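The values are calculated or read from the model by the stated rules, or taken from the named source; none is laboratory data. No experiment lies behind these values; they were computed from the predicted model shown. Cβ placement follows ideal geometry from the backbone for every residue including glycine, while neighbour counts extend to all protein chains displayed. Ligands, DNA and RNA are stripped out before the accessible areas are found, and what is left, the full protein with its side chains, is counted by its heavy atoms. Shrake-Rupley method; radii C 1.70, N 1.55, O 1.52, S 1.80 Å.
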Amino acid sequence: MYDDEPMTGPKPDLLVRGGSRDVAIAGGLVAPTVPGDTPVLDASGLTVLPGVIDLQVNGVAGIDLTAEPARLWEAGAALASYGVTAWLPTVITSDPDARDLALETYAAGPPAGWRGSAPLGLHFEGPFIAPARKGAHPEQWLRLPSPELVEGWSRDAGVLMATVAPELPGAIELVRELVGRGVRVAIGHTDATADDVVAAVDAGATSLTHLGNAMPPMLAREPGPVGVALGGTRPDVTRLVAGVIVDGHHLHPDVVTAMWRALGPSRFLTVSDTTAGLGLPEGRARLGDQEVVVSAGTVRLVDGTLAGSAAGVMDCLRLLHATTGCSLEEAVATVTTTPADLVGDPTRGRLEPGLRGDLTLVDADLQPVVTVVGGRVVHDRRGREEVC
C-alpha cells in the first residue's frame, strides 16, 4: 500500500497566519506552536479550512483515470489547484487491465519531486453493477459478482472502495468478502429494492454512490435505495453515508435540499464525480473508451446520457451552501470530516493538534486560493512560489 510520506521529503514546519484562524504545523502535523523561525504563509483575507477530500474523481485536466490509469499522479498534481488535499481515484467499469494498472501505479508511489493532492487508494465503480442502471459504463465490461474477479482486491493492496449493485446474484457474498478485506463497499448503479439495500448493509456496506442517480426512484410502496437512505430507521441503516453530486445538473435543487434535511452533515457526502472534463474547454472529449461532450459543467455521452461532471468539489460545496441554506461549517463537514470518517482515516478532515497539516484556503467566494498538504504548499493561486 502506498505511503504518502515519500512525496513530501522531510516533514515541514509552517505557520499559516492572518486568515480566519492561525494554524501552526510542525513536522507536517498540526501543532500548538512552532519555532520562531518557522516559514510563514500569509493568509490575509482568506478562510482557512481543513483539507478538502473528494471521494469520487474520475479524472481532471484531460486525464481520464479509466483510460489512462498510469497518469494517476499527474491527476493528483492537477487536483491541488482545485483545493483538494486528498482524493479517491475512481476507475469505472472497464477492461480489467485498467484496474490492474491503476493498482500498480498507486502502489509504485509518486515520481521524484512530486507534490499534489494525495490519493487515498482506489475506488472501483463497477464492474458489478446493474445493466439497466449502467449509465455511462460500457455494457461489454459488466460482470456478475464472482470471487475470482476480486482476487487481490483489498485495502492493503490499494482498493479503498468498491461500488456494487446488491441485487445481483452473488453480490451479498461479495460485499461480505470485500468488507472482510478492509474495502469500503458502496451501493450504486443498482435496481435494488429496500430489502436488497438492507441485506447489503447487514453484509457491511457503508455508503451509496451518487444518491438519486443510476438507481430507481423512491416509490410509495418500494422505497428502494433512496428511501432507505433518507428514511431508514434501523440504527445500522441510519449510519449509511450517501455520496451526492451537487453540481446543479445531476439533481434538482429541491431534491438536494430534501436529501440534506434527511441526512445532515455527518451522512451527506459531497462528491464531484468529476471527469477529465474538469478544466477543459467545452466540446468533445473522451471518457474511458467512449466519446463525450463537455458542456455547461456536465459531461454527457453523445446520446445525452450524463457521464459525470466537469465541476470541482469546491464548486459543489458552494452550491450546497447556496441551495440548502446550511451553514458554511456544515457544508465544509461534507468534504472533510464526513469523507475522512467514511474511509476510516482519523488523521484527516480536522484541524487538531497531532493530525495532518492539510489545509484548503479559500477567498470570500469560497474559491480555492492555497492548498497545503502535509505542511507543504502544493498550490497558491496568487503565484507565490514560497512562503516568507
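Listing for the model above:
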| read-out | value |
| --- | --- |
| Residues of region 164-221 satisfying the condition of being over 19 Å from residue 93 (Cα atoms), open to solvent by 10 Å² or more (accessible area, probe 1.4 Å) and in a loop (DSSP other than H, G, I, E, B) | 181, 182, 193, 204, 206, 212, 216, 217, 218, 219, 220, 221 |
| Near pairs, Cβ below 7 angstrom, 6+ apart or cross-chain, from region 157-168 (on the phi > 0 side of the Ramachandran plot) to any residue that is assigned to a loop (DSSP other than H, G, I, E, B) and not hydrophobic (A, V, I, L, M, F, W, C) | 158/2; 158/121 |
| Residue list for region 338-347, filter: open to solvent by less than 30 Å² (accessible area, probe 1.4 Å) and either assigned to a helix (DSSP H, G or I) or in contact with an Asp or Glu (Cβ under 8 Å, 6 or more places away or on another chain) (or both) | 338, 339, 340, 342 |
| Test: residue in region 315-334 that is open to solvent by less than 10 Å² (accessible area, probe 1.4 Å) and over 23 Å from residue 207 (Cβ atoms) | no |
| Qualifying positions in region 78-103 - surrounded by fewer than 21 Cβ atoms within 10 Å (Cβ to Cβ) and farther than 23 Å from residue 290 by Cα | 81 |
| Checking residue 75 against (1) in contact with a strand residue (DSSP E or B) (Cβ under 9 Å, 6 or more places away or on another chain); (2) in contact (Cβ under 8 Å) with a residue 24 or more places away in the chain, the condition it does not meet | (2) |
| Hits in region 229-240 (condition: modelled with pLDDT of 95 or more and open to solvent by less than 10 Å² (accessible area, probe 1.4 Å)) | 229, 240 |
| Residue match in region 139-154 (condition: without any contact (Cβ under 8 Å) to a residue 40 or more places away in the chain and under 26 Å from residue 84 (Cβ atoms)) | yes |
| Only one of 36, 28, 51, 62 that is touching a residue at least 12 places away in the same chain (Cβ under 8 Å) and more than 22 Å from the chain's Cα centre (by Cα) | 28 |
| Enumerated helices (runs of 4 or more DSSP H) restricted to region 247-337, each holding at least 1 residues that are in contact with an Asp or Glu (Cβ under 9 Å, 6 or more places away or on another chain) | 253-263, 313-324 |
| Those residues of region 138-157 which are in a helix (DSSP H, G or I) and either basic (Lys, Arg) or open to solvent by less than 40 Å² (accessible area, probe 1.4 Å) (or both), in sequence order | 150 |
| Set 132, 112: member being free of Cβ contacts under 8 Å to residues at least 12 places away in the same chain and of a type in the set (A, V, I, L, M) | 112 |
| Pairs, first over 30 Å from residue 182 (Cβ atoms) in region 1-20, second surrounded by fewer than 19 Cβ atoms within 10 Å (Cβ to Cβ) and modelled with pLDDT under 55, C-beta under 7 Å, six or more apart | none |
